[in-house]
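> Could you have a look at this structure, given as structure tokens, before my questions?
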Amino acid sequence: MLYCKDCKTAASESPCPRCGNSKLRAIEETDLVFLTVKDVVFAGMLEDVLADNGIPYKAKGMLGAGLSVKLGTVLERYVFYVPYSAHEKAEALLEELFPPEGEEVIIAEETDEE
């Protein structure tokens, strides 16, 4: 696996699929890699799930403190990064918490059995 230090993406080949950088290096287990971007509400949910599962992460606000204060936190979006060693587990949790669009989510209904 290769690593783009510009956008923190794990890639199988050069150039980077996210930013087009062609200067990739071998990835290390401790490299922080991009996981997802979530708004403030879903970011809180994701933080809880990652913490509950012992996955270290870094969440970085896209607006920054100044704009967040001026515009309010409702518009803030957070970019999540996790160590490469935990990326696969974090991806699985992410997909469980936020199924990809178009996939049907089955919710069990309670039945009254007497």
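The values are calculated or read from the model by the stated rules, or taken from the named source; none is laboratory data. Keep in mind that what you see is a predicted model, and the values were worked out from it rather than measured. Cβ atoms come from the backbone with ideal geometry, glycine included; neighbour counts cover every protein chain shown.
> What number of residues in region 8-32 are surrounded by 12 or more Cβ atoms within 10 Å (Cβ to Cβ) and either under 16 Å from P83 (Cβ atoms) or out of contact with any strand residue (DSSP E or B) (no Cβ under 8 Å at 6 or more places or on another chain) (or both)?
Count: 7.
> Search region 79-99 for residues that are touching a residue at least 12 places away in the same chain (Cβ under 8 Å) and pair each with any residue that is among the charged types (D, E, K, R) and not in a helix (DSSP H, G or I) when their beta-carbon atoms are under 6 Å apart and the residues are at least 6 apart or on different chains.
As it stands, the answer is V79/K60; Y81/K8; Y81/K58; Y84/E29; Y84/D31; S85/E29, since those pairs meet every condition given.
> Looking only at strands (runs of 3 or more DSSP E) that lie completely in region 1-70, which have at least 3 residues being of a type outside the set (A, V, I, L, M)?
32-39, 58-61
> Look through V49, V40 and report the one residue that is closer than 21 Å to P99 by Cβ, of a type in the set (A, V, I, L, M), surrounded by 14 or more Cβ atoms within 10 Å (Cβ to Cβ) and modelled with pLDDT under 95.
V40
> Next up: Among residues belonging to region 1-39 that are touching a residue at least 40 places away in the same chain (Cβ under 8 Å) and of a type in the set (S, T, N, Q), point out the one that is nearest to R77 (Cα to Cα).
T36
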